[in-house]
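Take a look at the structure set out below.
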Amino acid sequence: MSRQSNRTTESKKMLWYLPFISASASMHRMNSELFTLTYGALVTQLCKDYENDEEVNKQLDKMGYNIGVRLIEDFLARSSVGRCHDFRETADVIAKVAFKMYLGITPSVTNWSPAGDEFSLILESNPLVDFVELPDNHSTLVYSNLLCGVLRGALEMVQMAVDVRFAQDTLRGDNVTEIRMKFIKRIEENLPAGDE
Amino acid sequence: MADEALFQFLHNELIQYVYKSAEHGEMENGRCITKLENMGFRVGQGLIERFTRDTARFKDELDVMKFVCKDFWTSVFKKQIDNLRTNHQGIYVLQDNKFRLLTQLSTGKQYLEHAPKYLAFTCGLVRGGLANLGVKSIVTAEVSVMPACKFQVMIQKM
C-alpha cells in the first residue's frame with residue numbers, strides 16, 4: 001500500500017471522511033427497513049428453531065462472522081481506508097466510517113482501558129431494533145448479536161483477533177447500547193517479500 | 001439508510017442457514033423454499049405498511065399491482081419492474097430483467113439450479129405486501145437466463 005508511506009503519526013488526529021459519492025455509490029443505498037425487518041424475521045425463525053436463547057445468540061454470532069468476513073472486502077474496496085497503525089485508529093475507523101457507511105449511525109468510542117487494548121462503542125440508536133420488543137421469556141437473548149460476529153469476522157481478515165460482546169442493551173432496559181471490544185492478539189501471517 | 005451489501009450478505013446467510021438446518025433434519029427442498037418464503041411474507045407485510053402510510057387508497061387490483069411494480073420495487077430493489085403483463089383474469093407476470101439478488105450470481109446459465117433459493121424470499125415479500133393490501137395471492141418465480149426473472153402472481157378470489 002503506497003498510501004501509508006505519506007501517513008505520519010499525526011494521522012491519528014485525522015478526520016475520517018466517507019468515500020466520495022460516485023454515481024454507483026448512491027446505488028448502494030437501500031431501504032433500511034428492509035434490512036431491519038429481514039433481520040427480525042431471521043431472529044424470529046431462530047427462536048422457533050432453537051430451544052434456548054444461548055443457542056440463538058451463538059447462531060447469530062456465527063452468521064455475523066460469515067458476513068463480516070465478506071463485508072470487509074466491500075468495505076476496504078469502497079472506503080479507501082488503509083492499514084491502521086494501532087487499536088485506537090481501528091476504533092475510529094469502525095465508528096466513524098464503517099458504522100456510518102453500513103448503518104448510517106456514528107457510535108461514540110469511550111471507556112478505553114489503561115493499556116489501550118479495550119474500548120466501548122456506545123450506540124445512541126440501534127437500527128436493528130427499530131420495531132422490536134423483547135418478550136419476557138427471552139431475557140437472555142442478545143438481539144443484535146449479529147453485529148458482534150460481523151466485527152469479529154471483519155477484523156480477523158485484517159489480522160486482528162478481537163473479543164466482541166454486548167455490555168449493555170437498550171432492549172433489556174439499559175440506557176444505551178454498548179458494545180465492548182477487546183484486542184486479543186495480532187494474527188501473524190507470512191507476507192511475501194516486499195509486500196510490507 | 002442501510003447499505004445494500006449488508007442486506008445481500010444477510011440474505012445469503014438466511015439461505016445458508018435454512019439449507020444447512022435442512023441437512024440435519026432431512027428436510028426436502030420444497031420445505032426450505034417454504035421457510036424462506038414465509039420469512040419474506042412477514043417482511044413484506046411490515047414493509048408495505050411503512051410504504052403505504054402516505055398513499056391514497058387504491059382503486060382496484062391493477063392499481064395495487066402498479067404500486068408494487070413501481071414504488072415498492074423501487075424502494076426495495078432500486079429499480080422498477082421492467083414489464084408487467086396481465087390476462088385480466090387475476091394472473092399478473094412481473095418481469096425484472098436485472099433482478100438485484102441475482103446480479104451478483106451469474107449472467108447466464110451458470111448456477112441456474114440455485115436460482116430458486118434466491119427468489120423464494122422475494123416471492124414471500126410480494127405475497128406479504130399484497131396480503132396486507134387485501135389481495136390474497138400465490139406468487140411463484142421462474143428464471144431461464146440470469147439475472148432476468150419473472151414473478152407470476154395468481155390472485156386468489158376471497
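The values are calculated or read from the model by the stated rules, or taken from the named source; none is laboratory data. In this text the structure is predicted, and so the values were computed from the model without any measurement. Because the Cβ atoms are built from the backbone with ideal geometry, glycine has one as well, and the counts that use them run over all protein chains shown.
Results for (1) at pLDDT 85 or above; (2) surrounded by fewer than 18 Cβ atoms within 10 Å (Cβ to Cβ); (3) closer than 30 Å to B:C32 by Cα, shown as yes or no for each residue.
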| site | (1), (2), (3) |
| --- | --- |
| A:K12 | no, yes, no |
| A:A25 | no, yes, no |
| A:A41 | yes, no, yes |
| A:D49 | yes, yes, yes |
| A:Y65 | yes, no, yes |
| A:L71 | yes, no, yes |
Completion exercise
Residue pairs within 8 Å by beta carbon, gap of at least six or interchain, first lying in segment B:1-22 and closer than 16 Å to A:D130 by Cβ, second of a type in the set (G, A, S) and in a helix (DSSP H, G or I), listed first then second, are B:M1/A:S32; B:A2/A:S32
Problem - Matching option when the condition is crowded, with 21+ Cβ neighbours inside 10 Å, of a type in the set (S, T, N, Q) and touching an Asp or Glu at 6+ places or on another chain (Cβ under 6 Å), among A:T177, A:T140 - result: A:T177
Practice task
Tell me which residues, restricted to segment B:51-69, are in a helix (DSSP H, G or I), surrounded by 14 or more Cβ atoms within 10 Å (Cβ to Cβ) and either away from chain A (no Cβ under 14 Å) or not polar (S, T, N, Q) (or both).
Solution key: B:F51, B:E61, B:V64, B:M65, B:K66, B:F67, B:V68, B:C69
Practice task
List the number of the failed condition for B:L102; all other conditions in (1) part of a helix (DSSP H, G or I); (2) more than 11 Å from chain A (Cβ to nearest Cβ) hold.
Solution key: (1)
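Can you confirm whether segment B:82-105 contains a residue that is more than 25 Å from B:Q156 (Cα to Cα), among the hydroxyl-bearing types (S, T, Y) and free of Cβ contacts under 8 Å to residues at least 24 places away in the same chain? Can you show your working first?
Here is the first cut: in segment B:82-105, the ones more than 25 Å from B:Q156 (Cα to Cα) are B:97-105.
Going one step further and asking which of them are among the hydroxyl-bearing types (S, T, Y), we end up with B:103.
With free of Cβ contacts under 8 Å to residues at least 24 places away in the same chain added as a condition, the list becomes none.
No; the residues of segment B:82-105 include none that is more than 25 Å from B:Q156 (Cα to Cα), among the hydroxyl-bearing types (S, T, Y) and free of Cβ contacts under 8 Å to residues at least 24 places away in the same chain.
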Problem - Qualifying residue in segment B:77-91 (condition: among the β-branched types (V, I, T), outside any loop (DSSP other than H, G, I, E, B) and under 28 Å from A:G40 (Cβ atoms)) - result: no
Completion exercise
Checked A:A41, A:A77 against criteria (closer than 13 Å to B:A5 by Cα, within 11 Å of another protein chain (Cβ to nearest Cβ), more than 14 Å from the chain's Cα centre (by Cα) and not polar (S, T, N, Q)); the one match is A:A77
Exercise for the section: Could you tell me whether any residue of segment B:143-150 is crowded, with 18+ Cβ neighbours inside 10 Å and touching a residue at least 60 places away in the same chain (Cβ under 8 Å)? Expected result: no
